[in-house]
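Following: one structure in C-alpha cells, then a few remarks.
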Amino acid sequence: RKCLQRIKKTRHLNAYITVTEELAMRQAQEADDRLLRGKPLGPLDGIPFSVKDNFCTENIETTCASRMLRGYCPPFNATVVQKLLDQGAVLVGKTNLDEFAMGSGSTDGVFGPVRNPWSYAAPYRTLSHGTDPDSDWVITGGSSGGSAAAVASLSSFLALGSDTGGSTRNPGSLCGVVALKPSYSLLSRHGLIPLVNSMDVPGIMSRSVHDTAIALSVLQGRDEKDSTTVQAPDSHPAALPQEFDVRDLCVGVPKEYHAPGLSAETLSQWTRVAAMFERAGARVCEVSLPHTQYSIVCYHVLCCCEVASNMARFDGLQYGHRSAVESSTEALYATTRHEGFNNVVRRRVLSGNYFLLKQNYERYFVKAQQIRRLITEDFRRVFASGVDVLLTPTTLSDAATYSDFIQEDNRTRSAQDDIFTQPVNLAGLPAVTVPTSLSSRGLPLSLQLIGQRLQDRKLLAVAHWME
Ligand code: GLN
C-alpha cells in the first residue's frame, strides 16, 4: 500500500506506464496471509517490484513505450517476471523507457521523458541549481529510467531493467541505485522483447548490493525457453560473505577509460575508491584494454543489424499497431512502421539494412564482428593475467538537465556516455554500478565494477565491500 501511495505521490516523475494496483493488492494480501502463517515462499515473498515495459506480462499491456505496441497484452509472462511472481513478489507496475530500449536518457518514449527523483531532492534544490521545477530537472539516464526512478523514489524495492549497452547501469548510476548487468546467458531473455539478441540481458536494480544478490539467486538459471541460458557455476545461496577479505584481490584500472569528457568529480571518485581498495590491502594495477575506442562504433553497427532483423516482426498483421492504408501488403507494412516507430527506431532499421546489403556485409557487419572479438579478447587477456575485477566509471559525469540533454549535439554525447558500459555487453561479462557519493550539484555519482564471465557472485561480493 505504501509503494502504491508513493507511485501516486511521484506521478510527476513519469516513471510508470501502467500501475497494476488491483493485482498488487491481491498479491500482497496473499503474501500477507502466508507471512502470518509463518510460511513465506522465499526471501522475496511480499516484496513490491516493478518491471520495465519491454518485458512481457500476462494480460498486462506491454508497450516498449512505442505507438507500435500500444494496447498489446501478451498471453504469457517473461521467465524472469514469472520467477519473481512464483516467489510471491508483488508486481506494482510497468516502467517507462526509451522506445524499444533505444537510448540513454529515457527521453525518447511515446509516453514522454522520465524525471530523475534527485531533481526534487533537497541537495539539488538547495544548491539552487534547480530553481524552476518545470525546466531544471535532470534526466534519469536510460533506457531503463523508469525502473531506476521507481527504486530511487521508493515506490519499488526491486526493478527489472534490460541492458544491451548500458541501459540498466546508466540510469542506475544517475539515479543512485545499485544496478547489475548479469553475465550474458545467466538470466533468461524469454519474454524480453529483443533489441540486440546477442547482447541483451535482464538487469536488476535495487537499493543495496545485498538485495541485488537475493534477486539474482532467484532469477538466474537455465531456462528451456531460452537456448542461450546456462546454469550458474555456483548455485550459491543468496547471502553474501559478511566479511570479504580484499587482501587477495587484484583490482584493474583500465587506462583507456580515462576518456575525453570524464568529469573531474567522477575522476576523483574513481581515484578515491581505487585508493580505498589499496589501503585495505588489495593490489590495484593499471591495465590496458586497447580496443575500447572502437566499441561504440562496433556496437552501433551490430545493434542496427540486429534491430533491422528484430523489427521485421512488427508488420501490422501479427500484433500491435495496424495502419489503415491497406492498398497492398507492402504499403501496409511500410505505413504501419512509419506510423508505429519513432525516428530513432526507423533510423536504426534503415542503417541496419544498409549494413546488411550484399555489397556492405563484409565491410560493416563482418568487420564489426571481428572487432567485437578483439574487445572480448582484451578482457580475457586482462583477467588471465590475474586481475579479479575492473574498477571504472559508469558514466562520464552526473545527470544532465533535460534541456541540455535533448540538444542535438548532446545526443552524440549520450552515445559517448555509453563508452564505459557498452564493451561489457560486447563481451558478455557481468558488471555492477554502485553509488559512491554526491556531486557538487547534489546528484549521485557511481562507479562500475566489471567481473569475469559467470563470476557474478564474486563481483557482488566485491561490490558489497565497496558499498
Ligand atoms: N544506449 C544504447 C542504445 O541506445 C544502449 C541501450 C540499451 O542498453 N538498451 O542502444
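Here, each number is a calculation from the coordinates, and none is a lab measurement. Everything numeric here is computed off the predicted structure, so don't read it as measured data. Glycine also receives a Cβ, built like all others from the backbone with ideal geometry; neighbour counts cover every protein chain displayed.
Miscellaneous remarks
- Estimated dipole of region 307-460 in Debye, rounded to 20 [Cβ of Lys and Arg +1, of Asp and Glu -1, Cα centre]: 460 debye
- At full extension, Ser385 and Gln242 could sit 48.7 nm farther apart than now, given 0.36 nm per residue minus the alpha carbon distance.
- Derived value for region 255-316: Kirkwood hydrodynamic radius 15.2 Å. Basis is the mean of 1/r over every pair of different alpha-carbon atoms.
- Compactness of the chain is given as radius of gyration and Dmax, 21.2, 71 Å, from Cα positions.
- Positive-pole candidate from Gln452, Gly442, Thr421, dipole of region 374-467, charges at beta carbon: Gln452
- For region 5-77, convex hull volume per residue from C-alpha positions, Å³: 109 Å³
- Unit charges at the beta carbon, dipole of the chain: most positive-side option, Pro254, Gln370, Leu350: Gln370
- Each of Ser351, Ser183 was scored by other Cβ atoms within 10 Å of its Cβ. Arranged with the fewest first, they read Ser351, Ser183.
- Basic side chains Lys and Arg get +1 at the Cβ, acidic Asp and Glu get -1 at the Cβ, and with that the dipole of the chain about its Cα centre reaches some 120 debye.
- Rule-of-thumb Rg ratio for region 346-391 [Cα; 2.2 N^0.38 Å; N residues]: 1.67
- For region 202-255: span of alpha carbons on each principal axis (Å, largest first): 41, 28, 21
- Neighbour net charge for Gly281 - beta-carbon separation under 15 angstrom, K R +1, D E -1: -2
- As a rough guide to protection, the peptides 155-164, 335-344, 455-464 ranked by mean Cβ packing within 10 Å, highest first, stand as 155-164, 455-464, 335-344.
- The amide H of Gly142, built 1.01 Å from its N in the peptide plane, has Gly105, Ser106 as neighbours under 5 Å, considering only residues 5 or more places off or on other chains.
- Among the listed pairs Lys39/Lys83; Lys2/Lys458; Lys225/Lys358; Lys39/Lys225; Lys181/Lys367, those with a Cα-Cα distance over 28 Å are Lys2/Lys458; Lys225/Lys358; Lys39/Lys225.
- Dividing the alpha-carbon radius of gyration of region 58-217 by the rule-of-thumb value 2.2 N^0.38 Å gives 1.02.
- Protection proxy ranking, peptides 434-447, 269-282, 47-60, average beta carbon neighbours within 10 Å, highest first: 47-60, 434-447, 269-282
- Using alpha carbons only: equivalent-ellipsoid semi-axes of region 191-325, gyration tensor based, whole Å: 37, 25, 14
- Taking 0.36 nm per residue of separation and subtracting the Cα-Cα distance, full extension of the segment from His12 to Thr329 would add 110.0 nm.
- Calculated SAXS-style log₁₀ I(q)/I(0) at q = 0.18, 0.25 Å⁻¹ - region 365-467, Debye, Cα scatterers: -0.96, -1.29
- When only Cα pairs below 8 angstrom with a gap of at least 6 residues are kept, region 108-158 shows a relative contact order of 36 percent.
- Relative contact order of the chain, defined on C-alpha pairs under 8 angstrom at six or more residues apart (%): 18 percent
- Taking amide hydrogens as placed 1.01 Å from N in the peptide plane, the amide H of Gly93 sits under 5 Å from those of Thr20, Val51, each at least 5 positions away in sequence or on another chain.
- Contact order, relative form, for region 205-280: 24 percent (alpha carbon pairs under 8 Å, 6 or more residues apart, mean separation divided by residue count).
- What the Cα convex hull of region 307-367 gives, in volume per residue, is 84 Å³.
- Dipole magnitude of region 67-199 about its Cα centre (Cβ charges: Lys, Arg +1; Asp, Glu -1), debye to nearest 20: 320 debye
- Cα-based equivalent ellipsoid, region 149-241: semi-axes from gyration tensor eigenvalues, Å: 21, 17, 10
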